[in-house]
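Novice: Quick one: the structure is below, and I'll ask about it shortly.
Quick note: the coordinates plus some simple rules give every number you see, no bench work behind them. Keep in mind that this is a model prediction, so the values were computed, not measured. Quick reminder, even Gly has a Cβ in these numbers, built from the backbone with ideal geometry, and neighbours come from all protein chains shown.
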Amino acid sequence: MRKQIVAGNWKMNKTLQEGIDLAKSVNELNEQVDGDVEVIVAAPFIHLSEVSRVLSSVRLSAQDCASEANGAFTGEVSAEMVRSAGVEYVIIGHSERRTIFKEDDITLNKKIKLALDNGLIPIFCCGEVLEERESGKLFDVIQTQVEIALFDLDPADMGKIVIAYEPVWAIGTGVVATPEQAQEMHAYIRKLIREKFGDSLADELTILYGGSCKPSNAREIFANTDVDGGLIGGASLNAEDFIAIVQSF
Ligand code: 13P
């Protein structure tokens, strides 16, 4: 049975107190939701340890971790530090990290290994920009991102990974991928994993969709065979909207 997940990526939003309040509300509302969907919030680094104290029905994620284990890297936060703050998941390779902070696939591969070594579950993001989709390069782009980041992992480690497909043109734009576009790419990602790691690992892999996902469109996206949940940006900043998305399954 594949795990279904709805994860909220708060990005660089909310003060510490606002973050604690939001986490409490999400946790409370989620307690009333039936079903097996795993709900995750990805809070900013400095919120993590306080937020971890108020969550019970909801899991906690960081939004990134360093590509080095420790040492003289001013301003960075290591996977080990993240784990020590009571965190279970870490988003790695979000398109904002790739484009704004110039993180490349090799760096992301290092982050994934450090996350796994420290007991964190990576939520690995991949996605194409509009130009790549329109020029027909979308499948090659995703293949390269997935291969470099994930293909040298041990099967046991790969079995822990969650993948999030986030088409960059759909992030924060209000333009959501059609259910057909999401299904097509999710099936392609699962096929890549199947060819490299075999049937059982591919069948168990959770693949999330991200990009302008809202209560009004989540149901038709989540209804697709290869879509196992969502990575939610803007709509995760409001507890009611976020939980309405959780209830879309
Ligand atoms: P939006 O839901 O705001 O489009 O953001 C998606 C995203 O980037 C989640 O990681």
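Novice: Given 0.36 nm per residue, what is the gain on full extension from Ala187 to Thr173 after removing their alpha carbon distance, in nm?
Specialist: So the chain would gain 2.6 nm between Ala187 and Thr173.
Novice: May I ask which residue of Ala7, Leu130, Val82 lies farthest towards the positive end of the charge dipole of the chain, with charges of +1 (Lys, Arg) and -1 (Asp, Glu) on Cβ and the Cα centre as origin?
Specialist: The residue sitting most towards the positive pole is Val82.
Novice: Let me ask something else. With runs of 4+ DSSP H residues as the only contributors, calculate the mean residue ellipticity of the chain at 222 nm using -39,500 (n - 2.57) per run, divided by the residue total and rounded to the nearest 500.
Specialist: -12000 deg cm²/dmol
Novice: With a/c under 1.5 counting as rounded, go ahead and sort the stretch 25-111 into rounded, prolate or oblate using the C-alpha gyration tensor (a ≥ b ≥ c being the square roots of the eigenvalues; past the cut-off, prolate if a/b is larger than b/c, else oblate).
Specialist: Cα axes put the stretch 25-111 in the prolate bin.
Novice: Rounded to the nearest 0.05, what FRET efficiency do Ser56 and Arg2 give with R0 = 25 Å and r taken as the Cβ-Cβ distance? Could you check?
Specialist: 0.55
Novice: Under a cut-off of 22 Å between alpha-carbon atoms, report the lysines in cross-link reach of Lys14, not counting same-chain residues fewer than 8 places apart.
Specialist: Lys24, Lys214
Novice: In addition: To the nearest 20 debye, what is the magnitude of the charge dipole of the chain about its Cα centre, counting +1 on the Cβ of each Lys and Arg and -1 on the Cβ of each Asp and Glu?
Specialist: 260 debye
Novice: In nm, to one decimal, how far is the Asn224 label point from the Leu130 one, both placed 7 Å along Cα→Cβ?
Specialist: 1.9 nm
Novice: Could you compute Rg(Cα) / (2.2 N^0.38 Å) for the chain, with N its residue count?
Specialist: Normalised Rg, Cα atoms only: 0.94.
Novice: Where in the stretch 127-146 does the label zone of Lys196 land, with the point 7 angstrom along Cα→C-beta and an amide N cut-off under 14 Å?
Specialist: Of the residues in the stretch 127-146, 127, 140-146 have backbone N under 14 Å from the label point off Lys196.
Novice: Another question, then. Could you give the distance between the Cα centres of the stretch 155-176 and the stretch 200-218, to the whole Å?
Specialist: Using only Cα atoms to place each centre, the spacing works out to 8 Å.
Novice: Please quote Rg/Rh for the stretch 71-114 to two decimal places, taking the Kirkwood radius as Rh and restricting both calculations to Cα atoms.
Specialist: Radius of gyration relative to Kirkwood radius: 0.97.
Novice: Using the Kirkwood radius over C-alpha pairs as Rh, can you work out the diffusion coefficient of the stretch 205-249 via Stokes-Einstein at 4 °C, viscosity 1.567 mPa s, in µm² per second?
Specialist: 126 µm²/s
Novice: A further question follows. Each label point is 7 Å from the Cα along the Cα-to-Cβ direction; what then is the distance between the points at Asn238 and Ala156, in nm?
Specialist: 4.6 nm
Novice: For a protection proxy built on the mean count of beta-carbon atoms within 10 angstrom, sort 91-99, 7-15 highest first, please.
Specialist: Per-residue Cβ counts within 10 Å, averaged per peptide and sorted highest first, yield 91-99, 7-15.
Novice: Continuing with the same structure: How big is the gap, in Å, between the Cα center of the stretch 1-53 and the Cα center of the stretch 104-144?
Specialist: Answer, in whole Å: 23.
Novice: Projecting each Cα onto the charge dipole of the chain (Lys/Arg +1, Asp/Glu -1 at the beta carbon, about the Cα centre), which of Trp169, Gly211, Val54 comes out farthest on the positive side?
Specialist: Val54
Novice: Rounded to the nearest 0.05, what FRET efficiency is calculated for Lys137 and Glu88 with R0 set to 41 Å and r the Cβ-Cβ distance?
Specialist: 0.75
Novice: Extending each Cα 7 Å along its Cβ direction at Glu31 and Glu18, get the distance between those two points in nm, one decimal.
Specialist: Rounded to a tenth, the inter-label distance reads 2.5 nm.
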